[in-house]
Structures are given as C-alpha cells and as structure tokens.
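The values are calculated or read from the model by the stated rules, or taken from the named source; none is laboratory data. Because the structure is a prediction, the values reported are computed rather than measured. Every residue, glycine among them, receives a Cβ derived from its backbone with ideal geometry; neighbour counts consider all protein chains shown. Areas reflect the complete protein model, heavy atoms only, side chains present, ligands, DNA and RNA absent. Shrake-Rupley method; radii C 1.70, N 1.55, O 1.52, S 1.80 Å.
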Amino acid sequence: MALGNVLITKPLEEIKEEGKECTGTVIFLHGSGDTGRGVFDWVKSLHKFSFPHIRVLFPTAPLLPFTPNGGMPSNVWFNRLKLSPDAPEHMETTEATAKELVNIVNSEVKRGIPLHRIVIGGFSMGGGMSLHLGYRYLKGVAGVFALSSFLSYSSSVYKSLENDKASRHPPLFMCHGTADDLILEQWGKETYSNLSKLGVRGEYNLLPNVAHELDRKELAKLSSWIMEQVPEKI
C-alpha cells in the first residue's frame, strides 16, 4: 500500500495554564478512530489534567485505511491486520506516522523544551504508538505512558530493546481495566512483563471493574507520575 505523505492533523488541541512558562511537554495520543479534540474533551471531563509548567498536546492521527474497519479510512496511528497480539505489526504505517510524531517532538525541542522533559503516551492504540516512540525512536524522553494498550508478540519494540541493552530506557506507566473486553488486560500485563524483562522499569496499575475507557482515578495517578518525571523546578 503506497502511503504517500502521512500528515498528522494540525493544529493540535492543547492544555496550558495561562501566564505560566512551560518547561515541559506531554504529548497525549488518542485511540483508534478518535481525534485529538475527542480525547482532549474526554480527559477534561474526568480530570483537570493541567500542570503549572507543562504544555499538554493532543494531536490527531492521519486518515489511513484500517483493516479492522473493512479497509475504510480511519484516524489511526497505524494499521492493524487484526486486533490481537499474535498479529504482526504493519510496519509501513507505523514507521510513517512515527516520523511525523518525531517531528512534533522536535518542534517542542526547538521551542526550548529539552527532550528529557517531554513525556509521550496515550490511550489504547495511542499507548501502543507511544511505546514505539519511547523505546525505538526517542529514547531520551522523560517517560512513556500506555493506558489500556498492548504490543504484538513479535513487536519491533522488543527487538529494538534487545539490540540496545546498554541504553537507559525511559520509565513506563501502564494502566489496564480488569473489565476491558476489547483489549484484554492479559495483553497489557504480558506487554509490561516483556518490557520489564528487557530492562524497562516502571509501574503497572490494575483498574478494577474498568472497561476499555479512561478512568478518573487513572488520570489522577498519571498526573502524579508525570509530575515526578517532569518536576516544576529544574
């Protein structure tokens, strides 16, 4: 499939406290079929999710043919052959979108935000894409979070970590609902376990009775974790 130029929709939705100088950035990636505005509104309906010194960006994924949607275009970070960890990754779309997201990160660096004060994460597919970014492309970021997310058993993320055992890896924050019947909690737990065996350190939080959704307590925990990775005083 020829992709041509994969462009992420701009402008980005943004949370920023007025009158404050930003010394850090969080990039929050939505799930498949959603938009930056969609996950921005969802997050804000559950939690303030603002920081005195951090800009939070919500980009929208490009429109790509999506196999689980009968091949019809959808706002997705990459194509999936099926929704299962035993399916191979669709590397053409993953690589193309990753380059665009790296450009967004580089734009933040040009604005004066050091890479080690940028956190990348997301919900569902957005979390999976963030694992690629933090452990393949942008290993100097402050941290990675993945909410209700998973990686393929044969993921290139694992291969990258296996080939780069000497590097420091960004800390990881993962959450998964026990009642998630779309992306099974077992898939998230296996992903975290596999990453841990390859040297990634972090935390995995179970969310009792939570389905495939964002959760208020989850966002509160995530906010505290972000503050630890990107403290106000530098």
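Worth pointing out:
- Residues of the range 1-12 that are part of a loop (DSSP other than H, G, I, E, B) and either modelled with pLDDT of 95 or more or exposed (fewer than 14 other Cβ atoms within 10 Å of the Cβ) (or both): MET1, ALA2, GLY4, ASN5, LEU7.
- Count of residues meeting criterion [over 18 Å from ILE104 (Cβ atoms) and either part of a loop (DSSP other than H, G, I, E, B) or among the polar types (S, T, N, Q) (or both)] in the range 41-72: 13
- Qualifying residues in the range 168-220 (those that are surrounded by 15 or more Cβ atoms within 10 Å (Cβ to Cβ) and hydroxyl-bearing (Ser, Thr, Tyr)) - the one farthest from ARG117 (Cα to Cα): THR191
- Among the candidates THR191, THR178, residue that is in contact with a helix residue (DSSP H, G or I) (Cβ under 6 Å, 6 or more places away or on another chain) and among the polar types (S, T, N, Q): THR178
- Count of residues meeting criterion [assigned to a loop (DSSP other than H, G, I, E, B) and open to solvent by 30 Å² or more (accessible area, probe 1.4 Å)] in the range 73-110: 6
Residues are listed down the side, and each one gets a yes or a no for (1) of a type outside the set (Asp, Glu); (2) at pLDDT 95 or above:
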| residue | (1), (2) |
| --- | --- |
| GLU14 | no, no |
| ILE27 | yes, yes |
| VAL43 | yes, yes |
| PRO52 | yes, no |
| PRO68 | yes, no |
| GLY71 | yes, no |
| TRP77 | yes, yes |
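- Within the range 13-55, considering residues that are in contact with a strand residue (DSSP E or B) (Cβ under 8 Å, 6 or more places away or on another chain) and among the small types (Gly, Ala, Ser), the one surrounded by the most Cβ atoms within 10 Å (Cβ to Cβ): GLY31
- Within the range 169-196, the set of residues being in a loop (DSSP other than H, G, I, E, B) and within 17 Å of the chain's Cα centre (by Cα) comprises HIS169, PRO170, PRO171, ILE183.
- Residue identified as touching a residue at least 60 places away in the same chain (Cβ under 8 Å) and among the basic types (Lys, Arg) among ARG216, ARG168: ARG216
- When residues in the range 153-167 are screened for being assigned to a loop (DSSP other than H, G, I, E, B) and open to solvent by less than 10 Å² (accessible area, probe 1.4 Å), 1 of them pass.
- Residue count, the range 49-66 (criterion: touching a residue at least 60 places away in the same chain (Cβ under 8 Å) and either more than 25 Å from SER155 (Cα to Cα) or aromatic (Phe, Trp, Tyr) (or both)): 5
- Hits in the range 111-148 - residues which are touching a Ser or Thr at 6+ places or on another chain (Cβ under 7 Å), free of Cβ contacts under 8 Å to residues at least 60 places away in the same chain and either open to solvent by 10 Å² or more (accessible area, probe 1.4 Å) or charged (D, E, K, R) (or both): ARG136, LYS139
- Members of the range 67-78 found to be of a type outside the set (Ser, Thr, Tyr) and either closer than 20 Å to ASP181 by Cβ or touching a residue at least 40 places away in the same chain (Cβ under 8 Å) (or both), listed by number: PRO68, ASN69, ASN75, VAL76, TRP77, PHE78
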